[in-house]
Amino acid sequence: MESQVTTTLIDTPGFSLAQQQYLQGFFAGVAQRGVVMPFVGHTIGGQITNNPASGLVNQAAEEAEPTWFGTPLSDLCKEEHWKQEENALDIWDKLVAHANEDKAPAPDDLFRFKFHGLFYVAPAQDSFMLRMRVPGGILSSHQLRGLAQMAADWGSGRADLTTRSNLQIRELQPKNIVRVLSKIQDLGMTSRGSGADNIRNITASPITGIDPHELYDVAPLADALNRYILNSRDMYGLPRKFNVAFDNGGAISVVADTNDIGFVAVEIKEGHGIPAGIYFRVLLCGITGHKQFATDCGLLLRPDQTVAVAAAMIRVFAEHGDRTDRKKARLKYLIDKWGVEKFIGKTEKLLAFPLIRVPASASEPRKPIDRAGHIGVHAQSQPDLNYIGVAVPVGRLPVDQMLALANIAETYGTGDLRLTVWQNLIIPNIPTAKLEAAKTAILAAGLAFEAGTVLSGTVACTGNKGCRFAASDTKSHAVALATMLDSRFNIMQPVNLHVTGCPHSCAQHYIGDIGLMGVKVGGEEGYQVVIGGGSDQDQGIGRELISAIKFSDLPPVMEQLFHSYTTQRNPEESFLDF
Ligand code: SF4
């Protein structure tokens, strides 16, 4: 195939020096090797295309049926037809028209609006839900205050923290959607690609950069990948959604093993044929809703290679993933079909450097993860600075608490905040002399920072108050159960209760110590109960305890379960072992 080198689509002035080095080094290497990159206006899979991001149809053979990413149009599922007919990145006029007419979108536009983070959630609610992008979960007090204002003026008066270290705002009327998108741009934020078949919010260890135990600060990597995606149109419209996480190898997990790609920092000592130092292992194909964790694919990367490898892997997935059957369109199914070596081989062809295979056993063992490290007061790696992990029950954050947290972050810290994958929030950079005042202010805002309660370890998806798939009112039920358990038991160790409304498992019920999945029981709201799940060093898929039970019958069962656990377990035993 004729080699052709693309131009970069990166807005390099927006990058730190380190990020520019990562990306420019990557592209310089690409140019040297003359590697074909499947970028806009270039060659994909040997087929001549116009614009792979905006709807290309193969024009190479006039007689042949046109294709979309190698699939004949007649075989595409309906979502792929919608992508092929109109690029969802090019619908600003349509968004304005919908806002002016204050109307609900048709099904094809409803799908396209999700490319902009706008979810029309009828029949649960006759309005839009906005999902942001908060790369690495890092946001400023200014941004949190702006989002609070938006939730107060146009939304439901609160934000919901999500399990991808992200924020959602509900009950936005169609007439306000352009105002909403404009406002978040004013805040230096975006919602682009947070829904539909795109790369979701890039997560990172929530205390990266301030973690005394970390191996590598992954915030710049998460930020660099996020900016790369935002500036590369061919990174949108994948076969299905795609999750990427960066783990700093430190004290708090980012549940990297639940992502399509998880990069995990490791230490390599002398004696493995490569210089000793900090590298990243690559985990592939985590989908816990399908009861599968991401597994180590045998690669070892330098930190400056991670963004390029993520981009290359995503491009291989975009080109070869299944576009006929939504149930088989995640990365897992491509790798199940090909085997991991073929996938890595295709990835390597898009890179300017060879990929190094080193067995996972060469890495030094990870230090223990502190399961309660995201709640409470903890010392940072910087002298005399601390962070406070604030418990936000099931991620519900009313506007007054959003504003209070923004003020606390500014008054006692540096104005930075971190979101976690447990629907909680961290305020970093608080000098020791200001700790007591910051704690008092958090309590005054009606929030808590105590670890060791069931409520602080409880996550719940939207549930039937805002999602049409839900069988149950997950958030209300989760708070009621956790509050009841906290009033009766003093567990003194982290217990994660994950409550999800349907098999899509947005709250990842299979990795909770206790997982509940909404089901209808005789027409009433109820749950399947699983126990013993975990991630990282406690990795395990929860096993079914009860296949279906009405919510009204659940509290005494949970009480009995906790009673047995607290009276019969060994001191070190978790629900995973129990
Ligand atoms: Fe909706 Fe199901 Fe996701 Fe809950 S798990 S938010 S019910 S899709």
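Nothing in this text is a laboratory measurement; each read-out follows from the coordinates by a stated rule. Computed from a predicted model, the values in this text were never measured in an experiment. Positions of Cβ are generated from backbone atoms using ideal geometry, with glycine treated the same way; all protein chains shown enter the neighbour counts.
Summary table below
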{"quantity": "Environment charge of Arg133, counting only residues whose C-beta is closer than 10 Å and scoring Lys/Arg +1, Asp/Glu -1", "calculated": "+4"}
{"quantity": "Restraint check, Lys94/Lys332; Lys241/Lys346; Lys83/Lys103; Lys114/Lys342, Cα-Cα greater than 27 Å", "calculated": "Lys94/Lys332; Lys114/Lys342"}
{"quantity": "Sequence-separation-based contact order of the range 451-578, relative, with Cα cut under 8 Å and 6+ spacing, percent", "calculated": "20"}
{"quantity": "Reachable aspartates and glutamates from Lys465, criterion Cα separation under 20 angstrom, eight or more residues apart if same chain", "calculated": "Asp126, Asp160, Glu171, Asp473, Glu524, Glu525"}
{"quantity": "FRET efficiency estimate (nearest 0.05) - Cβ-Cβ, Asp384 to Lys520, R0 51 angstrom", "calculated": "0.40"}
{"quantity": "Eligible aspartates and glutamates near Lys78 by straight Cα distance, threshold 14 Å, same-chain separation 8 or greater", "calculated": "Glu86, Asp108, Asp109, Asp197, Asp322, Asp325"}
{"quantity": "Rounded D (µm²/s) - the range 241-333, Kirkwood Rh over Cα pairs, Stokes-Einstein at 10 °C, 1.306 mPa s", "calculated": "113"}
{"quantity": "The range 255-296: equivalent-ellipsoid semi-axes (sqrt of 5 x gyration tensor eigenvalues, Cα, Å)", "calculated": "27, 8, 6"}
{"quantity": "Ordering of 555-568, 280-293 by packing [mean C-beta count within 10 Å, highest first]", "calculated": "280-293, 555-568"}
{"quantity": "Extension gain from Val96 to Gln149, taking 0.36 nm per residue of separation minus the Cα-Cα distance", "calculated": "16.9 nm"}
{"quantity": "Cα coordinate range in the range 155-267, projected on the principal axes (Å, largest first)", "calculated": "52, 33, 24"}
{"quantity": "Residues whose placed amide H lies under 5 Å from that of Glu524, excluding near-sequence neighbours", "calculated": "none"}
{"quantity": "Protection-proxy order for peptides 530-537, 91-98, each taking the mean of Cβ atoms within 10 Å per residue, highest first", "calculated": "530-537, 91-98"}
{"quantity": "Computed Kirkwood radius, in angstrom, where 1/r is averaged over Cα pairs of the chain", "calculated": "24.5"}
{"quantity": "Principal axes of the range 337-426: Cα extent on each, largest first, Å", "calculated": "52, 31, 26"}
{"quantity": "Angle in degrees between helix 92-101 and the longest Cα principal axis of the chain, rounded to the nearest 10", "calculated": "50"}
{"quantity": "Summed side-chain charge close to Val519 - residues other than Val519 whose Cβ falls under 14 Å, Lys, Arg +1, Asp, Glu -1", "calculated": "-3"}
{"quantity": "Angle between the chain longest axis and helix 177-186 axis [Cα atoms, degrees, rounded to 10]", "calculated": "90"}
{"quantity": "Descending principal axes extents, the range 470-549, alpha-carbon based, whole Å", "calculated": "37, 28, 20"}
{"quantity": "Distance from the range 182-235 to the range 322-364 (C-alpha centre basis), Å", "calculated": "22"}
{"quantity": "Efficiency of FRET between Thr440 and Arg396 - r from beta-carbon atoms, R0 25 angstrom, step 0.05", "calculated": "0.65"}
{"quantity": "R0 of 60 Å, Cβ-Cβ distance Arg468-His563: FRET efficiency to nearest 0.05", "calculated": "0.95"}
{"quantity": "Partnerless Cys - the chain, beta-carbon criterion under 4.7 Å", "calculated": "Cys77, Cys285, Cys297, Cys467, Cys502"}
{"quantity": "Mean Cβ count within 10 Å, highest first, over the residues of peptides 237-248, 507-518", "calculated": "507-518, 237-248"}
{"quantity": "Surrounding net charge for Asn100, when Lys and Arg each add one and Asp and Glu each subtract one, Cβ distance under 13 Å", "calculated": "+1"}
